[in-house]
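Engineer: Would you mind keeping the following structure in view while I ask a few things?
Just so you know, all these numbers are worked out from the coordinates, no wet-lab data involved. Values in this document were obtained by computation on a predicted structure and should not be read as measured data. Glycine also receives a Cβ, built like all others from the backbone with ideal geometry; neighbour counts cover every protein chain displayed.
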Amino acid sequence: MSVLPPVRRDRIVAELPQCFSKESCLHTRESFHSKVTSACKQQRTGTVGRYRISKVIVVGDLSVGKTCLINRFCKDTFDKNYKATIGVDFEMERFEILGVPFSLQLWDTAGQERFKCIASTYYRGAQAIIIAFDLTDVSTLEHTRQWLQDALKENDASSVLLFLVGSKKDLSSPSQYALMEKDAIKVAKEMQAEYWSVSSLTGENVKEFFFRVASLTFESNVLAELEKTYARRIGEVVRINSNDRNVYQCTKKNKSTCCQ
Ligand SMILES: Nc1nc2c(ncn2[C@@H]2O[C@H](COP(=O)(O)OP(=O)(O)OP(=O)(O)O)[C@@H](O)[C@H]2O)c(=O)[nH]1
Ligand SMILES: [Mg+2]
């Protein structure tokens, strides 16, 4: 069995990364959920080990900067020449969160209309959806609602984490940015998404953003797994209890026959 190399030192998460803007932040806790930290401390790998991967899809209009965002984070590169994504591209990024190895599967989808049907076949089973728009083009912000609708057709809205990300921040002036941010935060609140603004050219907020995505998906996976384990245990206890009742009836009626 091939052993993976250790996680890069700059991919280690010990504290819950904070959100970008309090105004559009759904998970306002300052630290990881206590149940998650204790499960990880006890390395209850049965609980924590299983959920080591999270699927994240990145959607949004063509040329808004989805591929550049992923490449800046995964490869620390930036290509100013636009090469449209055809269908989907895929990157796997490994972290160590609270001492537990964890991977983000990043699915970079095509924004061009003609590739949309191929891309949408990869939406299913996402734990997080990143909807990207261009901070210098308000029409790409308006289109994010449709992108979200399409992505939610394949996923359970109640359990998927949503992020609305404004890209190309280096291209917008402070006054232009302030106006766009106000609109974007309004859209983020409507969507129940967490808003971020980034620049893949300068790298501004890119690492912080992906650390936040990885940490929140890790936390929700571990909590879901703990709940399942707890429910299974309760199930077992209930089953034993119901047997107890039989044992009780046996002893009341006739000890020898029914309770072997
Ligand atoms: N200045 C600046 N330019 C950017 C930034 N991000 C992307 N770009 C430019 O925008 C172009 C398109 O970016 P891509 O990441 O390829 O766009 P995309 O969303 O993947 O496009 P599709 O694959 O067609 O959906 C790139 O060639 C860059 O030149 C950024 O943060 N700042
Ligand atoms: Mg692309």
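Engineer: Can you compute the charge dipole magnitude of the stretch 58-107 about its Cα centre, using +1 on each Lys and Arg Cβ and -1 on each Asp and Glu Cβ, nothing else charged? Give it in debye, rounded to the nearest 20.
Structural biologist: My answer is approximately 140 debye.
Engineer: What is the magnitude of the charge dipole of the stretch 11-233 about its Cα centre, with +1 placed on the Cβ of each Lys and Arg, -1 on the Cβ of each Asp and Glu, and no other charges, expressed in debye to the nearest 20?
Structural biologist: 800 debye
Engineer: Next up: Express in % the proportion of alpha carbon pairs of the chain at distances exceeding 24 Å.
Structural biologist: 53 percent
Engineer: Distance in nm between label sites at D76 and R145, each 7 Å beyond Cα in the beta-carbon direction?
Structural biologist: 4.1 nm
Engineer: In nm, to one decimal, how far is the modelled label at E23 from the one at V138, with both set 7 Å along Cα→Cβ?
Structural biologist: Between E23 and V138, the simple spin-label model gives 1.5 nm.
Engineer: For the stretch 105-192, what is the Kirkwood hydrodynamic radius in Å, using each pair of distinct C-alpha atoms?
Structural biologist: Result for the stretch 105-192, one decimal place: 13.8 Å.
Engineer: In the stretch 11-233, if the dipole is taken from +1 on Lys/Arg beta carbons and -1 on Asp/Glu beta carbons about the Cα centre, which of M191, I57, T67 is farthest to the positive end?
Structural biologist: Value: I57.
Engineer: Under 20 Å Cα to Cα from K228, which aspartates and glutamates show up? Leave out anything in the same chain fewer than 8 places away.
Structural biologist: D156, E219, E236
Engineer: If you don't mind, another one. Too long at a 20 Å Cα-Cα cut-off: which of K116/K186; K22/K207; K153/K182; K80/K116; K55/K80?
Structural biologist: Listed pairs above 20 Å: K116/K186; K153/K182; K80/K116; K55/K80.
Engineer: Also, I was wondering about something else. Could you work out the relative contact order of the stretch 11-233? I mean the mean sequence separation of Cα pairs under 8 Å and 6+ apart, divided by the number of residues, in percent.
Structural biologist: 27 percent
Engineer: What is the extension gain from L62 to K186, computed as 0.36 nm multiplied by their sequence separation minus the C-alpha to C-alpha distance, in nm to one decimal?
Structural biologist: 42.4 nm
Engineer: Using 0.36 nm times the number of residues separating M92 and Q42, minus their current alpha carbon distance, what extension gain do you get?
Structural biologist: The span from M92 to Q42 would gain 15.3 nm if fully extended.
Engineer: Specify which residue in the list T85, A231, F209 is farthest towards the positive end of the charge dipole of the chain, using unit charges on the beta carbon of Lys, Arg (+1) and Asp, Glu (-1), about the Cα centre.
Structural biologist: A231
Engineer: Something else about it: Could you sort the peptides 206-215, 63-72, 29-38, 143-152 by per-residue average Cβ neighbour count (10 Å cutoff), highest mean leading?
Structural biologist: Peptide ranking by packing, descending: 63-72, 206-215, 143-152, 29-38.
Engineer: A follow-up question, please. Using Cα pairs closer than 8 Å and at least 6 residues apart in sequence, work out the relative contact order for the stretch 7-106, in percent.
Structural biologist: Reported relative contact order: 39 percent.
Engineer: For a Förster distance of 30 Å, can you work out the FRET efficiency between the beta-carbons of E208 and T229, rounded to the nearest 0.05?
Structural biologist: Using R0 = 30 Å, I get an efficiency of 0.40.
Engineer: For the stretch 53-95 and the stretch 116-183, what is the centre-to-centre distance using only Cα atoms, to the nearest Å?
Structural biologist: 13 Å
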